[in-house]
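Reviewing the structure listed below.
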Amino acid sequence: MRISVIGCGYLGAVHAACMAKLGHEVVGIDVDERKIAELAAARAPFFEPGLEELLREVQETGRLSFSTDMGAAEGSAVHFICVGTPQKKGENAADLTYVDAALMGLLPYISPGDVVVGKSTVPVGTATRLAEIVKEARPEAHLLWNPEFLREGHAVSDTLSPDRLVYGVAGGVEEHHGVQVLDRVYATPLEKGIPRLVADLPTAELVKTAANSFLATKISFINAMAELCDAAGADVTLLADAIGMDDRIGRKFLNAGIGFGGGCLPKDIRAFMARAGELGADQALTFLREVDAINMRRRTRVVELTRELCGGSLLGQRITVLGAAFKPQSDDVRDSPALSIAAQLQLQGAVVTVTDPEALGNAARRFPELHYEEATSTALKGADVLLLLTEWQDYRDLDPYETGTLVASQKILDGRNILDPSKWRAAGWTYRGLGRP
Ligand code: UDX
């Protein structure tokens, strides 16, 4: 099938490459010339494992091209809208400028029978509004909503083999023309037995926001337990293992630590609350305010613990922060708890050095005032306190004895609870976890 993908950020670039991998003829469109030039040269504009290899593989087949010209969408039967929906400045609500602009720009190139498919995370009600615009301007075209659940760091495999496919169509009926079109788009994953659900437009939109809210709640739940464990002298890691063995609860997303960040979870729960308010259902989501508050409290807690480890004052203390990305396997620093903690420590008088295998470029653009060091061993040299804030494998594998020879003082705060405390203590370290005795 001929497919256009509008917006080539994390979502769109991966989606375009994966659609070509599934055998379709794809054009990726974005207004950002630099991004398009990179993608056209089969280079990923951000770090995502497997993406560059996939771009090279599919570009050799000639099935994937990129353009900054919306006119390139003409002739495609399916148009995926994959642009961002960031948080509005100074508000909780989502900024729909890019979604609206993408659709308006696309309208002149839509032919009868075409299907426009929204993939961006949007406030419930957006799809119905956009469907009306399409109906008015192009009565024989259709608008569907097909939310994306990919995780950064696993984006390629999540797109090629998702847990489920959700098709939102007006009326939520199987017989909708768009359902048949999407079944052709996703023929390969469907043949592998991946479940697909047909829903009405608002339900499809809500599936995404509800899923992200649930995940955020799960993380904040265990972080609240970590606060309690700290107060009671209990161990949150063991607690998570034990409650996670109940398969109604499950162990995944129960890792207590410095909390969630990134370009999705924080802004999605806020946009969800804002939308609920507009719909007069704000009471239903007031708990998300608490989820957000617990999450933000993690950052303050780490700053306070670090101050304690420094003997009461951060002034002039050399602190090395391991990890800047919001999670491993990513160079994304949007709302990264690690970077936000590093910046707060610096503001309070510490001398902070940050290292990360992939995210230093993005981190330095966000917080130029921090000191960055590429090599872990150089970053460790002379540190008074170590903070492990993003659980990259390299940091999991650190040897406590070897690390001990580099630092000035053997004090470590494990912000992700991934190190073995007994091993580090045996090597002479003062070890602090979060919610661990
Ligand atoms: C998330 C959703 O998982 C994905 O389905 C959706 O499409 C986009 O948003 P992503 O932002 O890539 O994906 O990251 P995710 O893996 O969900 O992690 C989010 C944050 O939670 C990270 O900062 C991570 O470190 C943190 N986290 C995750 C925890 O603190 N504890 C956990 O147990 C799990």
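The values are calculated or read from the model by the stated rules, or taken from the named source; none is laboratory data. Since we're looking at a predicted model, the values are computed, not measured. Ideal geometry is used to build each Cβ from the backbone, glycine not excepted, and the neighbour counts take in all protein chains shown. For accessibility, only protein heavy atoms count, side chains too; no ligands or nucleic acids. Shrake-Rupley method; radii C 1.70, N 1.55, O 1.52, S 1.80 Å.
Residue check: Arg334 meets all listed conditions (1) under 19 Å from Leu434 (Cβ atoms); (2) out of contact with any helix residue (DSSP H, G or I) (no Cβ under 8 Å at 6 or more places or on another chain) but one, namely (1).
Val236 falls short on exactly one of the conditions (1) in contact with an Asp or Glu (Cβ under 9 Å, 6 or more places away or on another chain); (2) within 30 Å of Leu55 (Cα to Cα), and that condition is (2). Of all residues in the stretch 389-431 being among the hydrophobic types (A, V, I, L, M, F, W, C) and under 32 Å from the mean Cα position of the chain (by Cα), which is surrounded by the most Cβ atoms within 10 Å (Cβ to Cβ)? Within the stretch 389-431, the match that is surrounded by the most Cβ atoms within 10 Å (Cβ to Cβ) is Leu389.
Checking the stated criteria, Ala41 turns out not to satisfy the condition of being touching a Gly at 6+ places or on another chain (Cβ under 8 Å) and surrounded by fewer than 19 Cβ atoms within 10 Å (Cβ to Cβ). Residues that are more than 6 Å from the ligand (Cβ to nearest atom) and closer than 17 Å to Glu391 by Cα within the stretch 236-264 comprise Thr237, Lys252, Ala256, Ile258, listed in sequence order.
When the stretch 126-161 is limited to residues that are open to solvent by less than 20 Å² (accessible area, probe 1.4 Å) and more than 18 Å from Val83 (Cα to Cα), the one that is farthest from the ligand (Cβ to nearest atom) turns out to be Ala141.
Picking from Leu197, Leu206, which residue would you name as being hydrophobic (A, V, I, L, M, F, W, C) and closer than 30 Å to Asn295 by Cα?
On the way: Leu197 fails: closer than 30 Å to Asn295 by Cα.
That would be Leu206, the only listed residue that is hydrophobic (A, V, I, L, M, F, W, C) and closer than 30 Å to Asn295 by Cα.
Is it true that Gly261 is surrounded by fewer than 16 Cβ atoms within 10 Å (Cβ to Cβ) and of a type outside the set (Val, Ile, Thr)? So Gly261 fails the test. Of all residues in the stretch 187-221, those that are small (Gly, Ala, Ser) and within 16 Å of the ligand (Cβ to nearest atom) total 6. Taking the condition touching a strand residue (DSSP E or B) at 6+ places or on another chain (Cβ under 7 Å) and not aliphatic (A, V, I, L, M), does Cys18 pass? So Cys18 fails the test.
Looking across the stretch 265-287, just one residue is within 16 Å of the ligand (Cβ to nearest atom) and surrounded by fewer than 20 Cβ atoms within 10 Å (Cβ to Cβ), and that is Arg270.
Counting only residues that are open to solvent by less than 10 Å² (accessible area, probe 1.4 Å) and part of a helix (DSSP H, G or I), the stretch 321-342 holds 5 of them. Here Leu386 fulfils each of the conditions (1) within 16 Å of the ligand (Cβ to nearest atom); (2) open to solvent by less than 10 Å² (accessible area, probe 1.4 Å) apart from (1). In the set Val14, Val26, Val5, Val31, only one residue is of a type in the set (A, V, I, L, M, F, W, C) and either open to solvent by 10 Å² or more (accessible area, probe 1.4 Å) or at pLDDT below 95 (or both); that residue is Val31.
From the list Thr61, Thr97, which one is of a type outside the set (Lys, Arg) and more than 25 Å from Lys267 (Cβ to Cβ)?
Details: Thr97 fails: more than 25 Å from Lys267 (Cβ to Cβ).
Result: Thr61 is the single residue among Thr61, Thr97 that is of a type outside the set (Lys, Arg) and more than 25 Å from Lys267 (Cβ to Cβ).
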